[in-house]
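See structure below.
The values are calculated or read from the model by the stated rules, or taken from the named source; none is laboratory data. This one's a predicted model, so the numbers in the text were calculated from it and none came from an experiment. Note: ideal-geometry Cβ built from the backbone for every residue, glycine included; neighbour counts use all protein chains shown. The area values use the complete protein model at the heavy-atom level, side chains included, leaving out ligands, DNA and RNA. Shrake-Rupley method; radii C 1.70, N 1.55, O 1.52, S 1.80 Å.
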Amino acid sequence: MTIGDITPKKERKSRRSKHVVDDTAPLLPKRQDEDAGYDEFNGASFTGAVFNLSTTIVGAGIMALPATMKVLGLILGIAMIIFMAFLTDASIEFLLRFSRAGKTTSYGSLMGDAFGKYGRIFLQICVLVNNIGVLIVYMIIIGDVLSGTSSSGVHHAGVLEGWFGEHWWNGRTFVLIVTTLGIFSPLACFKRIDSLRFTSALSVALAVVFLVITVGIAIIKLISGTIMMPRLLPDVTDLTSFWRLFTVVPVLVTAYICHYNVHSIDNELEDSTQIKPVVRTALALCSTVYIMTSFFGFLLFGDSTLDDVLANFDTDLGIPYGTLLNDAVRVSYAAHLMLVFPIVFYPLRLNMDGLLFPSARPLALSNMRFAFTTVGLITLIFLGANFIPSIWDAFQFTGATAAVCLGFIFPAAVTLRDRHSIATKKDKILAIFMIVLAVFSNVVAVYSDAYAMFKKNSVTEPTA
């Protein structure tokens, strides 16, 4: 996809001083005289970039982290969260370093530089599979939280149904239509990722609201003496419990996946040397949220912590105003996912356009193509979330594969390919470790999902 041309103004390490053409250029021109249809854009701020990257990281996965503490114990679990943050930083550093060496400014063009046209296409397909799956899951969760679900055979009332009773206007399909038209569609119309900085800041704030409520409830229960001492180390008693430790690896490996948005954020920064501090600040912020959520979530629910801790807030908390706090957690989480939606949708649209129209003019400069791609993708996601019953099961397999490819296998493969001869021996050892970890994580994830589905089917068959 051809995306504009930028003329250097000064000798400085700014994105505006980088002359790029064809599919390696930033999404939008930054000078008003390049396209009269846009206001002058002087570059994204450091804070806005941090919020956008943090929102990319903190999606639905935050709710699965407390359950990893139940398996690993607090000490090993928190250590693994910190370790994965450092490993993610290293993988993003690979992307940025090899992008600079090859003078590429997108993930796709980096893969194209290392592996040719088919490398770029494979990357774009992985982004499509991962992001479409993620957004469909977000929409399903939003529908479950607001309108309830009966997918397990037992009806769980949604927040709106609990407040107002069962009506046509708080039914699942109507609520998702309103959410799609009133929230997703307007936010998906921004042509710069920096335009989402305020909604990203609000999204991070809503994740913090969930954290503050969890911490508050845990402190109240600590004071009342109704919380047991949490397990610090894993409980390994036999071979089965030992292998169970590895079931949490996929959750941890995919906790920080944000690589598909790094180049877009980098391209819009006023000073491109800020991207590494942006990445490290976002990782530090998200690690803090992850650690505190995991710690206090496990402290609060102990061995009763469910795989999705949000489900624990559908029960009696045993404290005053427990129902109100349950609703506050669920509503803040649904609102958080609504605001994560556009930041994940942005690279999805860009890669879909690059896959379908690799030689076309910039997407941001073609209003008709931009509109058709946006409407088509949002419609596909809406239909997938509402009318394909087993789609979540399908994305449990494809999503795990695509996510680990984007986060670790592709950056490691680019490093091992070392087309510009800049990788050190340490880099290549780390790259091999990333690939081994990612492949192992994927095998465990696929096996766990397949086993869970087989077990579920074997339980339901006799009653059929």
Residue pairs, Cβ under 9 Å, 6 or more apart or interchain, first in the range 191-212 and within 12 Å of Thr56 (Cβ to Cβ), second of a type in the set (A, V, I, L, M, F, W, C) and in a loop (DSSP other than H, G, I, E, B). List them.
Ile193/Leu27; Leu196/Phe190; Ser203/Val58; Val204/Val58
Counting only residues in the range 350-359 that are open to solvent by 10 Å² or more (accessible area, probe 1.4 Å) and of a type outside the set (Phe, Trp, Tyr), the one nearest to Lys191 (Cα to Cα) is identified as Leu350
From Leu363, Leu337, grab the single residue that is among the aliphatic types (A, V, I, L, M), under 18 Å from Arg192 (Cα atoms) and touching a residue at least 24 places away in the same chain (Cβ under 8 Å).
Leu363
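Could you go through the range 236-247 and let me know if any residue there is touching a His at 6+ places or on another chain (Cβ under 7 Å) and farther than 29 Å from Met434 by Cα. Steps first, answer last, please.
Taking the range 236-247 as the starting set, the residues that turn out to be touching a His at 6+ places or on another chain (Cβ under 7 Å) are none.
The answer is no, given that none of the residues of the range 236-247 is touching a His at 6+ places or on another chain (Cβ under 7 Å) and farther than 29 Å from Met434 by Cα.
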Looking for something closer than 22 Å to Leu283 by Cβ, among the polar types (S, T, N, Q), in a helix (DSSP H, G or I) and modelled with pLDDT of 90 or more - is there at least one such residue anywhere in the range 407-415?
yes
So, in the range 213-229, exactly how many residues are open to solvent by less than 70 Å² (accessible area, probe 1.4 Å), aliphatic (A, V, I, L, M) and assigned to a helix (DSSP H, G or I)?
4
Look through the range 303-326, keep the residues that are surrounded by fewer than 16 Cβ atoms within 10 Å (Cβ to Cβ) and assigned to a helix (DSSP H, G or I), and return whichever of them is modelled with the highest pLDDT.
Leu324
Scanning the range 230-254 residue by residue, those open to solvent by 30 Å² or more (accessible area, probe 1.4 Å), out of contact with any Leu (no Cβ under 9 Å at 6 or more places or on another chain) and without any contact (Cβ under 8 Å) to a residue 12 or more places away in the chain turn out to be Thr237, Asp238, Leu239, Thr240, Phe242, Trp243
